[in-house]
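The values are calculated or read from the model by the stated rules, or taken from the named source; none is laboratory data. Everything numeric in this text was worked out from a predicted model, so none of it was measured. For neighbour counting, all protein chains shown are included, and Cβ atoms are generated from backbone atoms with ideal geometry for every residue, glycine included. All accessible areas refer to the heavy atoms of the entire protein, side chains included, with ligands and DNA or RNA removed. Shrake-Rupley method; radii C 1.70, N 1.55, O 1.52, S 1.80 Å.
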Amino acid sequence: MDLDPSPRWLYVVIAGVGLLVLSIVIGGAINEGYQHSRDYVSALSSRGATWAWVGMLGLFGFAVANAATGMSLRAVSRFSMVAFVAAGVAGIITMFARIRCAGGAASCSLNESTAKDWLDQLHGSSVAVYQLCFLLGTCAAALAFARTRQTSMRATAFALAIAAIASAATVTAMPQTHPGGVQRVWLAINAATIVAIAVQGTSLTRELRASGTT
C-alpha cells in the first residue's frame, strides 16, 4: 500500500507553531520586565536577552512551519510551495540576524538611543521578505483552492483572502510604541493561516493522488 506522506508536513506545521507559542510564553517569563503587550517577540532572541536561544528556537519553529506549509502544497500549487519555502528561508535568516538589546529584552523597542547595526537592518529586511512571500503564498493557495469544485475548499479560499488582507493591514498598523500586542495579533493571523492551508493542502493532495491526477 502506498502511504501518502503529505500529512507529515501538516504535523510539522502544527509542531512549529506550537514551538513558537511555547518560546514566547517561556521567554517572556524568564526575561525580567518583559511585557507581551509592549515588546517585540524578536527581543526574546536578541543580543542581550536572557536565554536568547529560547526565542531563537521559537523563530526557527515558525520558519520551519512556513516551509512545511509550502511542502504540503507541492501537488497543489508550485508557486505557493516556492513562496512558502522562501518565507521559511527568510524566517531562518531572521532568527540568526538577532537584533541588539543591550539593556535586555524588556523595552528594547522603545530604546531609541541604541544605534542599529547591520544585523538589525538584516533582521528587519528579512521580516519584510518573509511577509511578502507569505502573502504571495497565501494568495496562490487561495486561487488553487478556489479552482476546485468543493464548497469547503472555496470557503477556505475566501477565508485565506481575508486573512491575507488582515495580515497586511496589521503590519501596516503596527504602532511605534507598545507594538507587542499588535505583533502577536499578526503572528496569530499568519499562524492560523498556514495551519489552515496545510490542512486543506493535505486533503486536496490526497484527493488528487486518489484520482490519479498527481
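Values as computed for the structure displayed
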item: Leading residue by the ranking (nearest to Trp118 (Cα to Cα)) among those in the stretch 1-60 that are touching a Cys at 6+ places or on another chain (Cβ under 8 Å) and in a loop (DSSP other than H, G, I, E, B); result: Ser46
item: All positions within the stretch 84-108 that are open to solvent by 10 Å² or more (accessible area, probe 1.4 Å) and not in a helix (DSSP H, G or I); result: Arg98, Ile99, Arg100, Ala102, Gly103, Gly104, Ala106, Ser107
item: Residue within the stretch 201-213 that is open to solvent by 20 Å² or more (accessible area, probe 1.4 Å) and either in contact with a Phe, Trp or Tyr (Cβ under 8 Å, 6 or more places away or on another chain) or at pLDDT 95 or above (or both) present; result: no
item: Whichever residue in the stretch 52-66 is open to solvent by 30 Å² or more (accessible area, probe 1.4 Å) and of a type outside the set (Val, Ile, Thr) and, among such residues, is farthest from Pro7 (Cα to Cα); result: Trp53
item: Residues satisfying the stated conditions in the stretch 117-173, i.e. closer than 18 Å to Val41 by Cα, in contact with a Phe, Trp or Tyr (Cβ under 7 Å, 6 or more places away or on another chain) and of a type outside the set (Ser, Thr, Tyr); result: Val171
item: Selected residue [open to solvent by 50 Å² or more (accessible area, probe 1.4 Å) and without any contact (Cβ under 8 Å) to a residue 12 or more places away in the chain] from Arg47, Arg8; result: Arg8
item: Meets criteria (touching a Lys or Arg at 6+ places or on another chain (Cβ under 8 Å), of a type in the set (A, V, I, L, M) and in a helix (DSSP H, G or I)) for Met81; result: yes
item: In the stretch 168-183, the residues that are assigned to a helix (DSSP H, G or I) and open to solvent by 50 Å² or more (accessible area, probe 1.4 Å); result: Ala169, Val171, Thr172
item: Residue in the stretch 31-39 that is without any contact (Cβ under 8 Å) to a residue 24 or more places away in the chain, surrounded by fewer than 20 Cβ atoms within 10 Å (Cβ to Cβ) and hydroxyl-bearing (Ser, Thr, Tyr) present; result: no
item: Arg78, sole failed condition from (1) touching a residue at least 24 places away in the same chain (Cβ under 8 Å); (2) open to solvent by 70 Å² or more (accessible area, probe 1.4 Å); (3) of a type outside the set (A, V, I, L, M); result: (1)
item: Among (1) under 17 Å from Gly58 (Cβ atoms); (2) at pLDDT below 95, the one test that Trp118 misses; result: (1)
item: Some residue of the stretch 129-143 being exposed (fewer than 14 other Cβ atoms within 10 Å of the Cβ) and assigned to a helix (DSSP H, G or I); result: no
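Condition check ((1) more than 30 Å from Ser109 (Cα to Cα); (2) over 14 Å from the mean Cα position of the chain (by Cα)) across all residues:
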{"residue": "Thr148", "(1), (2)": "yes, yes"}
{"residue": "Met153", "(1), (2)": "yes, yes"}
{"residue": "Thr156", "(1), (2)": "yes, yes"}
{"residue": "Ile162", "(1), (2)": "no, yes"}
{"residue": "Ile165", "(1), (2)": "no, yes"}
{"residue": "Ala168", "(1), (2)": "no, no"}
{"residue": "Pro179", "(1), (2)": "no, yes"}
{"residue": "Gln183", "(1), (2)": "no, no"}
{"residue": "Ser203", "(1), (2)": "yes, yes"}
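Per-residue answers, yes or no, for (1) within 20 Å of Gly124 (Cβ to Cβ); (2) touching a Ser or Thr at 6+ places or on another chain (Cβ under 9 Å):
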position: Val21; (1), (2): no, no
position: Ile24; (1), (2): yes, no
position: Ile30; (1), (2): no, yes
position: His36; (1), (2): no, no
position: Val41; (1), (2): yes, yes
position: Thr50; (1), (2): no, no
